[in-house]
Every structure is written in C-alpha cells, then in structure tokens.
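The values are calculated or read from the model by the stated rules, or taken from the named source; none is laboratory data. Since we're looking at a predicted model, the values are computed, not measured. For neighbour counting, all protein chains shown are included, and Cβ atoms are generated from backbone atoms with ideal geometry for every residue, glycine included. When the accessible area is computed, the model is the full protein with side chains, heavy atoms only, and any ligands, DNA or RNA have been set aside. Shrake-Rupley method; radii C 1.70, N 1.55, O 1.52, S 1.80 Å.
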Amino acid sequence: MSSDSPELSFADLNLPSSILQALSDVGYETPSPIQAATIPLLLQGKDVVGMAQTGTGKTAAFALPVLADIDLNANHPQALVLCPTRELAIQVAEAFQSYAAHLKGFHVLPIYGGQDMRGQLKALKRGVHVVVGTPGRTLDHLNRKSLALNKIKTIVLDEADEMLRMGFIDDVEAILDKTPEDRRVALFSATMPAPIRKVANNYLNEPEEIQIKTKVTTNENIEQLYWLVSGTNKLDALTRILEVEEFDGMIIFVRTKTSTVELADKLNARGYSASALNGDMSQNLRIQTVEQLKRGSLDILVATDVAARGLDVERISHVMNYDIPYDDEAYVHRIGRTGRAGRTGKAILFVAPRERRLLRSIEKTTRKPITQMDLPTRSDLIEYRSKAFKDSVVEAMQRDDLDFFANIVKEISEEQNCSENEVGAALAYLVQKDRPLQPPKEKAKRERKERDFDQDDSRQRRKGRDGEKEISGYKAKPLKDHPDVEMQRFKVAVGRKDNVKPGQIVGAIANEAEIDGDYIGNIEIYETFSTVDLPAGMPKEVFNLLKQTMVCNRALNIDIFTEKPPRGKPGKSRLKSEGGDRRGKGHKRPSNENRGKRDKNPHRGKGKADGGRSQGPGKRAKS
Ligand code: AMP
C-alpha cells in the first residue's frame, strides 16, 4: 500500500515545526506537486513563476514559505499578496490564518474595495504581518500612506492572468514599483499571456519557472464523467448518485484526512457502509479496512490520494472524485483504482465552477474528454426507488409463509368494505413512509429551478422555456469570440448621470458574479441606466448578488431588460470602442489570443448571499 512507497513529506521541506503542526491539524498528508516544487525555492529566497491554477494547492505553496519567514515581533507588513477578487483575498487570508494557527500573535489582513475603509485603516495601524489585497484597494492604501511596503520581504501575485484580464495590471506594476529591490516575488498564473510574461521579465530576478507536466494515460475501460457543482451541495449530490448508481465497491477521494472521517461518518449516517482510509491510520488498520472492502463487508472507502495509492481491489466499480485532485497525475492514479482486471469502471468528478481549468487540464493531459453529467432528477429517484421497492415486494412474495398475512389483508378489506388493492397501497405506505419513494416536491421544484439555471449549455437551457418572451425587441448581441453562447440583455441602474464608465460595470460584474470578462458583452450607457449583455440563464443567487452590487455609489439593481431604451444615442459600447480600460487610464485589454480559451459556462456563480458590495472600481475611494 501507499505508505510503503517513499513519499515527500512536509517535514522534508524544512518548514518550522509550528507550521508542520498546523498542516497536520488541517489534515494535509503530503505536499502537492506545486508545493513540493515551489516551497524549497521560496525558502531559499528565489523568485518563482508558478504556472498553476486554483485547486493545485498554490495558496499553501506561497503561504507556507512566507510564514516560515515572518518575524512575529516586527509589527509591520512583511508580505503582500495581490489577488484579483475580494473572494480570493478573503480565502487566501483565511488560508494564512489556518497555516499560522500555532504562530502566536500572527496577523493577516485582507483589504479589498467595497468594504468600509475605517476597519482596514484601524487594522493596518494596529500592525499586521501579511496583507492580502486586491490591487485597487492596495493602491488606495499606498496613496493614503496607510500601507507601507518598504519592509516587504515577499510579494505574491496570485492569479496574475486574472488580474490582467480584469484590468488591474497597471495597478500591479505600480505596486511592484513601490516594493524594495531585494524582495522575493512569486508570480502564479494559470496561463502566461504576453503582458504577464513581461511583468515576470521586468520585475522578477532570475525566476525559477515551475510547471507541473505529466504524461499519463487512462484505462479505456473507465467511463469518465463530471458534474459541475451547482445548485445542490456536494454531499446531497453524492447521496443522490449513490442511490441510483449500481455500484459494487467504491472509493471516494477527498483532499484531507479530516474529510475522510467526516464524509465516511455522514455516509454511515445515511445508511451506507463506508469507512475512512487515511495516512493517520496504522498500517494494520488500513490493511484490515481494505480487506473488508475486498470481502464486501464494506462498500465504500473514503480516502486520501496517499492512502489509496496502488490499491488493487477488483470489486471497485466506481471512483468518486468528491474533491478534485490537485494535479492530473493524481487524477489518473485515482481513477486507475477502478476498471481493474479487465472489468469496466466508472469515474465521476465533482468540479466547482472555479475548478474548471483543472478539468480542462486533466482532459488535455489524458487526451480524453470527460463527459458532463446531470444529477439524477426527482423522477429518476422515484423510478429507482419504486423499482427497488417492487423488487423487494416480489422477493417477499416468493416466501411460502405468507398465509397469515394474506388473511389479514382479506379481513381488512372485508371489514372496511374496500378492495385488497387499497389495503396493499396502505401497507406499502406504512413500509415506505420513513423513506418516501417520492422525494418532497417543494425541494424538487427548487432543485429543478436551480438546475435549469445551472445547465452548462445555455442554448439548450433556453430552448423550450418562455424566457425569450422576457426580452424585448432589443436583444443581446452575440459575443464575437463565443457566438455559440446565448446572451441576454440586462438593465443596471447606473447611467450617464452617474458618470459611469463601461469598465466600471465590467469590473463590478466580473468581480462580484465571477463572470469571465470574455463573456461580458455589449454595454450601452443611457442617461439614467445602462444595458449589459450577459450569458443567458444567470443563476438566481448571482442575480441577487448583482442587484446589490454597488457601482458609482448606487446599487446596480440588475434586471432583465424588457423595455425599449429611451430615444437618443446611447453611450459607446465596450466591445466596439472601449478597449477595456475600466478606469480610463489607457490600459489595453489583452487581445483575444491572450485571453486563453474558456469553456462554455461563464457563470461562476458563488451562491454567496451576504449582500456583498462590489470591489468595483466605481466604489473605490480615491485619495
Ligand atoms: P488552492 O489551489 O490553493 O486553492 O487549494 C485548493 C484546495 O486544496 C484547498 O482546499 C486546500 O485546503 C487544499 N490543499 C492544498 N494543499 C493541500 C495538501 N497538500 N493536501 C491536501 N489538501 C491540500
């Protein structure tokens, strides 16, 4: 089993024991490839360019060496991480906090627009060791002199290509210009468009470039599917799949040791025979657990990559990638646990919207497309449950000791003057009432609605729905680069009278709704409102979020555009002439070639219902 093969550990990376303790607390077993490659270089003070996307473990790849180098007694910022969005800034700050759980007195501060300045000013004054900021707000603080970078030892550019795409690159360069010469720089980017390459050339000192490439093949016998996480949470989705999939043995892969135990417990509570398999368990216990799976006294193992490596159990018919693996090779190792000994197997991958790049990367590496699947619907569940119920009834009917019960049915029917059929129905109800054959309707209705919103192919989604009627004669224009994506015209409550620039609308929508900029289409600005073309079928939660998003001190109050625009010439359209400078500073939006290919569903809706405010440029306080 896995532990026999020599595996690089976090301890091998010369990280301080306080950090190792925190990693053990969060349940990480081994460094991901990007971590194994980056951490030693950053610890040596080298500059690094990491070609890595979300999900590869890149946050820890830069956070751990930064933390290893923090002087807790010095009360000034020693590292700055620049992120494209406020969500990412918060997420990265939280990651720092968890890795620094045993560094007493450590302070990290996320700074982003749309949040009251006063809190940030107060926190900066009190002293922080690491600042994680969006470029605009970081620059605001630098201009106000509330943030000083003269003692910064490390600067990290996280998701550099996203920052470029969102028009932040001038800000990033302005910030880099204000950092000391001898700081180390770590630049992470999923793609390497020319402007990012230029930043690396101009600002990094002989950087080491890290790109984790793997050449791997997958077994032809394995059917590969993915579900784009949306609408339903992963646990519910998993249980639905478990209910309808006919599986023999299954391995469910999660990222951390803690999750193996948590998920196994939850599945047991739902009636499945599941057990955790992780590196914390003794070798003996792991062997016993695998034996149980082999024998069939256990059906599901919830495992980490390390614990399940090399596992060879013929019975495993399914591999569930509950958490996406952090590299393509791990994916191949995982799914290779099924389809053993000439059998067929099925591998299902859960992909959160932000992780779609990892999915594409896996497909590229394995040179095999992974098919998108839908979750089983309510009627699938009803059909499946009814069939299982009927089978169990038919099986019971084979018994020869049913006379007593047949008599009871007959008596009830005579006493109540009803048919035996009615008695049968009542009995079926009694047997199934704690586990209804029909899932509750309300929930199903909600789910169906969510699914309608979340389907990947917007063209298909719109077909047959009456959404078209909602759009007036003023239909959205198709996107030049993605003519196959169905667009819809929306109205937002900021207009010429607010001095709004198309770029401000783009920035706010891209940032808040996490819609790729490539998919934000034509924008027209009128006196009291503007229209913006976005992919049709926006998830409800994103829609609600955009209603509250602030631009030019006004809530966007987005709505589907159903009226005729007022007479008079609209303002210039972003696609036609704006060139993407969302703050009018002459920044050139990257060319289409540089943007990298994107997949079809641009909605990366987060379901965040916190009434968050935009980091959009219109909201930023200028000093
Ligand atoms: P990131 O690519 O930094 O966004 O990380 C993606 C996810 O992987 C996060 O949930 C991390 O907590 C998790 N993660 C990062 N490194 C490891 C590791 N070495 N072992 C297990 N999980 C990890």
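Residues in region 475-497 that are under 13 Å from residue 524 (Cα atoms), open to solvent by 50 Å² or more (accessible area, probe 1.4 Å) and in a loop (DSSP other than H, G, I, E, B): 475, 477. Per this entry, residue 61 is counted among residues that are within 10 Å of the ligand (Cβ to nearest atom) and part of a helix (DSSP H, G or I).
Can you spot a residue in region 89-111 that is of a type in the set (Phe, Trp, Tyr), touching a residue at least 24 places away in the same chain (Cβ under 8 Å) and either assigned to a loop (DSSP other than H, G, I, E, B) or more than 21 Å from residue 151 (Cβ to Cβ) (or both)? The answer is yes, given that some residue of region 89-111 is of a type in the set (Phe, Trp, Tyr), touching a residue at least 24 places away in the same chain (Cβ under 8 Å) and either assigned to a loop (DSSP other than H, G, I, E, B) or more than 21 Å from residue 151 (Cβ to Cβ) (or both). For residue 319, the conditions (1) within 14 Å of the ligand (Cβ to nearest atom); (2) under 17 Å from residue 256 (Cα atoms); (3) surrounded by 23 or more Cβ atoms within 10 Å (Cβ to Cβ) all hold with the exception of (1). Here's a check for you: in region 220-276, which residue that is among the hydrophobic types (A, V, I, L, M, F, W, C) and in a loop (DSSP other than H, G, I, E, B) is modelled with the highest pLDDT? The selected residue is 254.
Report yes if residue 113 is surrounded by 16 or more Cβ atoms within 10 Å (Cβ to Cβ) and in contact with a Gly (Cβ under 6 Å, 6 or more places away or on another chain), otherwise no.
yes
Scanning region 64-84 for residues that are crowded, with 19+ Cβ neighbours inside 10 Å and either at pLDDT 95 or above or within 13 Å of the ligand (Cβ to nearest atom) (or both) turns up 64, 65, 66, 67, 70, 77, 78, 79, 80, 81, 82, 83. Looking at region 262-273, is at least one residue of a type in the set (Gly, Ala, Ser) and within 16 Å of the ligand (Cβ to nearest atom)? Checking region 262-273: not a single residue is of a type in the set (Gly, Ala, Ser) and within 16 Å of the ligand (Cβ to nearest atom). Filtering region 2-22 to residues that are modelled with pLDDT under 90 and either open to solvent by less than 40 Å² (accessible area, probe 1.4 Å) or away from the ligand (no atom under 12 Å from the Cβ) (or both) leaves 2, 3, 4, 5, 6.
Residues being within 16 Å of the ligand (Cβ to nearest atom) and among the hydrophobic types (A, V, I, L, M, F, W, C): count how many of those fall in region 244-258.
Within region 244-258, the first condition is being within 16 Å of the ligand (Cβ to nearest atom), and the residues that meet it are 252-258.
Filter again for among the hydrophobic types (A, V, I, L, M, F, W, C), leaving 252-254.
Count: 3.
In the set (1) open to solvent by 10 Å² or more (accessible area, probe 1.4 Å); (2) at negative phi; (3) in contact with a Lys or Arg (Cβ under 9 Å, 6 or more places away or on another chain); (4) modelled with pLDDT under 95, the condition left unmet by residue 107 is number (4).
Scanning region 132-161 for residues that are surrounded by fewer than 20 Cβ atoms within 10 Å (Cβ to Cβ) and farther than 19 Å from residue 181 by Cα yields a total of 4.
Do we find a residue being of a type in the set (A, V, I, L, M) and within 21 Å of residue 307 (Cβ to Cβ) anywhere in region 204-217? Checked against the condition, which is being of a type in the set (A, V, I, L, M) and within 21 Å of residue 307 (Cβ to Cβ), region 204-217 yields at least one hit.
Scanning region 285-298 for residues that are open to solvent by 50 Å² or more (accessible area, probe 1.4 Å) and in contact with a helix residue (DSSP H, G or I) (Cβ under 9 Å, 6 or more places away or on another chain) turns up just one, 297.
Which ones in region 499-518 are over 17 Å from residue 84 (Cα atoms) and touching a residue at least 60 places away in the same chain (Cβ under 8 Å)?
Correct list: 500, 501, 502.
Applying the criterion of being open to solvent by 30 Å² or more (accessible area, probe 1.4 Å), part of a loop (DSSP other than H, G, I, E, B) and in contact (Cβ under 8 Å) with a residue 24 or more places away in the chain to the residues of region 23-45, the residue that is nearest to the ligand (Cβ to nearest atom) is 28.
The criterion of at least 2 residues that are touching a residue at least 60 places away in the same chain (Cβ under 8 Å) is met by the following strands (runs of 3 or more DSSP E) wholly inside region 118-196: 154-157, 184-189. Of the numbered criteria (1) crowded, with 22+ Cβ neighbours inside 10 Å; (2) more than 26 Å from the chain's Cα centre (by Cα); (3) away from the ligand (no atom under 16 Å from the Cβ); (4) closer than 13 Å to residue 186 by Cβ, the one residue 129 fails is (4).
Number of residues in region 328-339 that are within 16 Å of the ligand (Cβ to nearest atom), among the charged types (D, E, K, R) and open to solvent by 20 Å² or more (accessible area, probe 1.4 Å): the value is 1.
Considered as a group, the residues in region 46-58 that are in contact with a Leu (Cβ under 9 Å, 6 or more places away or on another chain) and not polar (S, T, N, Q) include one that is nearest to the ligand (Cβ to nearest atom), and that residue is 55. For the residues 207, 193, the requirement of being modelled with pLDDT under 95, under 30 Å from residue 171 (Cβ atoms), of a type outside the set (Ser, Thr, Tyr) and open to solvent by less than 70 Å² (accessible area, probe 1.4 Å) singles out 193.
I'd like to check something: does region 4-11 contain any residue that is under 21 Å from the mean Cα position of the chain (by Cα) and either over 19 Å from residue 110 (Cα atoms) or assigned to a helix (DSSP H, G or I) (or both)? Among the residues of region 4-11, not one is under 21 Å from the mean Cα position of the chain (by Cα) and either over 19 Å from residue 110 (Cα atoms) or assigned to a helix (DSSP H, G or I) (or both), which makes the answer no. Of all the numbered requirements in (1) over 22 Å from residue 169 (Cβ atoms); (2) open to solvent by 10 Å² or more (accessible area, probe 1.4 Å), residue 100 misses one, and that requirement is (2).
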